[in-house]
Ligand code: ADP
């Protein structure tokens, strides 16, 4: 298992190593620290209006360093999906800002946002979401194709090698197991060297052993490629592959655990589930 490794890694993104205090103030005359991969400031999102409005996010403040792996957890209805949608530019907050690589994406037109999502955000979904009519390699290249970028076949091949599917490039998704399909989805999410990879319950449809393999690959994407991964999960074991677990309850970030163990995460989840929705931390 490839859980958190030391961070002396090849950083193909060319970014400063994680742990170099990306948010702290630089000493006078020093090069300013790199912007966080993603930053949320005062992000609010409600559904409906008036007395029946549901406040799904109540002011989320968060900055995630490049090359970090974060798990977002919380009871059902705590706002995880809304968080993911707003952070990934799939939905617009009612208030607050989302900054991707230092750029405020909340102000962008729908067109620009769509373009930005294609090139600067990677997605891994529970249901894999591969296109059945395309080959594995074409699926991996799809984000570049949609973004109008040059399709980098050698990078696609390298990523497929990395996820252990070098021999399967010309197969169709239907000829692969669920775990293999999710590996293709990980390669696809990395092809454009995105600022952030969002993974939504990436192991929800997999058995335990296959789930571990997929989590290992996400971990390696962070440790070896310098990717930034944000994973929504309800599984404490999955969360233990992350550097940090964040806990949502009633639309607010109420807790966090650095280097979370499965047991510690499970204990926090029990405590949160017992707490009335909307109660303060
Ligand atoms: P989670 O992913 O943690 O289950 P969600 O972000 O889906 O939480 O939901 C947060 C809150 O917002 C819940 O109370 C949910 O019922 C509500 N909600 C989510 N989507 C909608 C919607 N489209 N319309 C109305 N309420 C919604």
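Bear in mind that the values in this text are calculations on the coordinates, not laboratory data. Note that the coordinates shown come from a computational prediction; the quantities given were computed from them, not determined experimentally. Every residue, glycine among them, receives a Cβ derived from its backbone with ideal geometry; neighbour counts consider all protein chains shown.
Of 132, 262, 236, which has the largest mean-square fluctuation in a 10 Å C-alpha GNM of the chain? Of 132, 262, 236, the most mobile in the Gaussian network model is 132.
Packing here is the average count of other Cβ atoms within 10 Å per residue, and on that basis the peptides 54-60, 136-142, highest first, run 136-142, 54-60. Each of 123, 247 has some number of other Cβ atoms within 10 Å of its Cβ, and from fewest to most they run 123, 247. Shape analysis of the chain places it in the rounded category; the axes a ≥ b ≥ c from the Cα gyration tensor give an a/c below 1.5. Here 163, 254 are placed in order of increasing Cβ neighbour count within 10 Å, fewest first, which gives 254, 163. Summed over qualifying helices (DSSP H, 4 residues or more, each -39500 (n - 2.57)) and divided by its residue number, the chain shows a 222 nm mean residue ellipticity of -9500 deg cm²/dmol. Rounded to the nearest 5, the antiparallel percentage of DSSP beta bridges internal to the chain is 55%. Taking all Cα pairs closer than 8 Å and separated by 6 or more residues, the relative contact order of the range 213-274 comes to 26 percent. Across the chain, Cα pairs under 8 Å and at least six residues apart give a relative contact order of 25 percent. Legend: ranking of residues 257, 159 from fewest to most surrounding C-beta atoms inside 10 Å; resulting order 257, 159.
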